[in-house]
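Notes for the one structure printed next.
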Amino acid sequence: MHDIFEIQDELVGEIILETQVALTDGEVAHLAVRQTRSVQAWEYFHQGLLEHIKYRPESFQAARRMYRKALDIDPDYFDAMVADAWALWMDARSSIDASQVDALRECRGLVDGLISRWPNRAEAIHLDAVLLMMEGEHEAAEKRADQGRSAGRSYLWGYAIVHIYGGSIKKATELFAELINSSLVLNNDALYCYAQCLTLMGEYEQAIILAEEYRLRVPATVYGYTLLATAQGMSDQSERAAETVAAMRQIHPRFTLAMFRQHEPYRDAELLKRIIDLLRKAGIPD
């Protein structure tokens, strides 16, 4: 067990050598930075990930407890720092009970700490971009996303969502095209964002297919339902949108349009109003 991380490093090096993988400078830097040499910290981190991917407010909080246990053992554990800030960002965006202002303020402190230590790491730049987006600083968020793009392709979907909420749909579409061409599968976050992008482009049939897939993959989150209902409503399928919302309210009876508005940082106020009007018509209360 004491040699496990050295073996991991050796394998990564051999794989790169044998396959001659083309990496950007940022991706090489990522491989060069040591993560942790503590098996216990590694275990806590992965226990946190298991909670994180449940996509529930309580699971984000449980994930953070595990990440912070890992950081208590190894304060320099970069992946745990990133995951802790990311779970807090997710909680700020999706929680019904948490104070978004307080959560975003705490997240800003975590992200600024990461940037001060690792200013060129794609993970830190990505977090900064999406946090600026939630803070309403869309122009700064889009510039940050463009900076992050040059640090590596790992977060193309994250840079795309910054452009979606900033109103640069064409740019978001280009990023998704690059992501699809370079990836075998779309992860859950990328799937959600791409379905959202297609909806705003008017590609409703494909958007509905992907939104349905996202809802099946991540059944606990309310946003699979609101995304699907939005695509259905925009494509004049009001009855199906109402059915989607009725199913959502069975699982999330406390969810309101006020919560949706708080969590959806669209730069275009008219677009947000249009989406809210569609969701109200489908049955989500104010």
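Brief remarks follow.
- Residue under evaluation A220, criteria (1) at pLDDT 90 or above; (2) over 17 Å from A145 (Cβ atoms), criterion not met: (1)
- Selection from the range 224-274 of residues that are under 17 Å from Y194 (Cα atoms), in a helix (DSSP H, G or I) and open to solvent by less than 20 Å² (accessible area, probe 1.4 Å): G224, T226, L227, L228, A229, T230, A231, Q232, M234
A quick yes/no check of all residues on (1) more than 24 Å from Y225 (Cα to Cα); (2) under 17 Å from the mean Cα position of the chain (by Cα); (3) of a type in the set (S, T, N, Q):
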site: H163; (1), (2), (3): no, yes, no
site: G166; (1), (2), (3): no, yes, no
site: F176; (1), (2), (3): no, yes, no
site: S182; (1), (2), (3): yes, no, yes
site: L186; (1), (2), (3): no, yes, no
site: L191; (1), (2), (3): no, yes, no
site: Q196; (1), (2), (3): no, yes, yes
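- Filter pass, D102 being more than 20 Å from P265 (Cβ to Cβ), charged (D, E, K, R), open to solvent by 40 Å² or more (accessible area, probe 1.4 Å) and in a helix (DSSP H, G or I): no
- Residue within the range 169-182 that is touching a residue at least 12 places away in the same chain (Cβ under 8 Å), within 25 Å of Q262 (Cα to Cα) and crowded, with 23+ Cβ neighbours inside 10 Å present: yes
- Test: residue in the range 209-219 that is among the small types (G, A, S) and at positive phi: no
- Residue count for the range 190-204, restricted to those that are open to solvent by 30 Å² or more (accessible area, probe 1.4 Å) and closer than 21 Å to A141 by Cβ: 3
- Residues located in the range 224-243, provided they are under 16 Å from P285 (Cα atoms) and out of contact with any Lys or Arg (no Cβ under 9 Å at 6 or more places or on another chain): T226, T230, E243
- Verdict on Y155 being out of contact with any strand residue (DSSP E or B) (no Cβ under 7 Å at 6 or more places or on another chain), under 19 Å from N120 (Cα atoms), open to solvent by less than 20 Å² (accessible area, probe 1.4 Å) and of a type in the set (S, T, Y): no
- Of all the criteria given as (1) open to solvent by 30 Å² or more (accessible area, probe 1.4 Å); (2) over 21 Å from the mean Cα position of the chain (by Cα), the one not satisfied by P219 is (2).
- In the range 46-88, residue farthest from the chain's Cα centre (by Cα) [restricted to those that are under 20 Å from S99 (Cα atoms), of a type in the set (K, R) and part of a helix (DSSP H, G or I)]: R65
- When residues of the range 120-145 are limited to those that are at pLDDT below 90 and more than 12 Å from the chain's Cα centre (by Cα), the one most open to solvent (accessible area, probe 1.4 Å): N120
- Meets criteria (under 19 Å from V222 (Cα atoms) and open to solvent by 60 Å² or more (accessible area, probe 1.4 Å)) for I53: yes
- Filter pass, S116 being open to solvent by 30 Å² or more (accessible area, probe 1.4 Å), in a helix (DSSP H, G or I) and either in contact (Cβ under 8 Å) with a residue 40 or more places away in the chain or more than 28 Å from C197 (Cβ to Cβ) (or both): yes
- Among the residues making up the range 205-243, those that are in contact with a Gly (Cβ under 9 Å, 6 or more places away or on another chain), closer than 18 Å to I276 by Cβ and in contact (Cβ under 8 Å) with a residue 24 or more places away in the chain are A229, M234, S235, A241, A242.
- Each residue in the range 150-182 was checked for being more than 24 Å from I275 (Cβ to Cβ), assigned to a loop (DSSP other than H, G, I, E, B) and of a type outside the set (A, V, I, L, M, F, W, C), and 5 of them qualify.
- Every condition in (1) closer than 21 Å to L49 by Cα; (2) without any contact (Cβ under 8 Å) to a residue 60 or more places away in the chain; (3) in a helix (DSSP H, G or I) holds for R93 except the one numbered (2).
The values are calculated or read from the model by the stated rules, or taken from the named source; none is laboratory data. Bear in mind the structure is a predicted one, so any value in this text is a computation, not a measurement. Here Cβ is always computed from backbone atoms with ideal geometry, including for glycine, and neighbour counts include all displayed protein chains. Please note that ligands, DNA and RNA were not included when accessible areas were found on the heavy atoms of the full protein model with its side chains. Shrake-Rupley method; radii C 1.70, N 1.55, O 1.52, S 1.80 Å.
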